[in-house]
């Protein structure tokens with residue numbers, strides 16, 4: 001059976017690509033509340049696309065890939081914006097973007113072997129820390145660097161778990 005490319009979850013995923021430039025635009029204009037509202041919309045569409053896909057049984061292979069790629073794009077865009085407009089450490093931006101690039105390359109390799117695996121609890125935790133850290137940098141909170149290091153640590157832990165999964169899939 002042929003999978004549908006156009007469905008509500010995929011439209012929600014794609015909408016994030018169009019929302020994220022507004023996050024940067026409003027931050028450049030120092031309209032932090034508007035950047036915050038755009039960020040909320042990005043997080044909401046990310047949560048809704050997966051929920052709708054599962055609840056209404058319209059998960060697709062292309063949707064899982066699309067969501068993953070768009071998540072990486074959005075994270076990179078936000079970190080570059082925060083590195084440029086706030087004091088988000090550039091080395092952290094490069095580290096996470098590099099990790100995400102390797103994740104996408106590994107994912108393409110696994111996909112060619114006709115295997116696909118989703119995120120795990122460590123990926124969800126690192127996503128949560130990233131969201132909190134983004135908000136803290138957006139509003140220049142005093143504790144932003146504490147959460148920055150928690151984010152980096154959780155991204156590294158998630159990376160190790162995904163690397164183990166990748167190596168296991170190489171062997172099977």
Test for residue 44: is it under 13 Å from the mean Cα position of the chain (by Cα) and free of Cβ contacts under 8 Å to residues at least 24 places away in the same chain: yes
Unmet criterion (only one of (1) surrounded by fewer than 17 Cβ atoms within 10 Å (Cβ to Cβ); (2) modelled with pLDDT of 90 or more; (3) in a helix (DSSP H, G or I)) for residue 140: (3)
Conditions (1) part of a helix (DSSP H, G or I); (2) free of Cβ contacts under 8 Å to residues at least 40 places away in the same chain; (3) touching a helix residue (DSSP H, G or I) at 6+ places or on another chain (Cβ under 9 Å); (4) more than 24 Å from residue 20 (Cα to Cα): number failed by residue 166: (2)
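The values are calculated or read from the model by the stated rules, or taken from the named source; none is laboratory data. What you see is a predicted model; the values in this text were computed from it and never measured. All Cβ positions, glycine included, derive from the backbone under ideal geometry; neighbour counts span all protein chains shown.
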